[in-house]
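The values are calculated or read from the model by the stated rules, or taken from the named source; none is laboratory data. Remember, it's a predicted structure, so these values are computed and weren't measured experimentally. Cβ placement follows ideal geometry from the backbone for every residue including glycine, while neighbour counts extend to all protein chains displayed.
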Amino acid sequence: MVPPELDPIEEQHLDKCRGNLRPWYIELRNFVFGLGSDISVFAHASRRCTTFSRNRAFAYFNCQPRLKRIAIDIPDPGDKAESETGILIPWSGQREGKAVRIVVDDAGDLQEAKTLLERAYTDST
């Protein structure tokens, strides 16, 4: 599937993303759209994140330029996903046990992020 153009709100989110953040975001976004033709995208103006869903949301992308990283929240895969490089961070508080955060702050994190995104997509049926 050819990924759709960036939404104007999504483009605003990326305006502040400098250096490698924007190309990493685009690479991960294109990867997500390559997983299937049943994906929809919604850019939230107030929350500064982009939601990817099929039957239900499976990924929330958030470019965090001050922290020089991309944070991606996915449903907690339980013990099905182990982070080899430490990019998977468990949530605490309201989302504890419900979501985890993938932190991409290095080009070496992209492949593991793609693996975790593919699992989140597959589990979202």
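Only one residue in Ser37, Ser46 is surrounded by fewer than 18 Cβ atoms within 10 Å (Cβ to Cβ) and either assigned to a helix (DSSP H, G or I) or in contact (Cβ under 8 Å) with a residue 24 or more places away in the chain (or both). Which one? Unique residue meeting the criteria: Ser37. Anything in the range 11-32 that is surrounded by fewer than 16 Cβ atoms within 10 Å (Cβ to Cβ) and either over 18 Å from Asp106 (Cβ atoms) or hydroxyl-bearing (Ser, Thr, Tyr) (or both)? List them, or say none. The answer is Glu11, Gln12, Asp15, Lys16, Asn30. For Asn62, the criteria (1) at pLDDT 90 or above; (2) surrounded by 12 or more Cβ atoms within 10 Å (Cβ to Cβ); (3) within 19 Å of Asp123 (Cβ to Cβ) hold in every case but one, which is (3).
Considering each residue of the range 75-98 in turn, none proves to be modelled with pLDDT of 65 or more and of a type in the set (Phe, Trp, Tyr).
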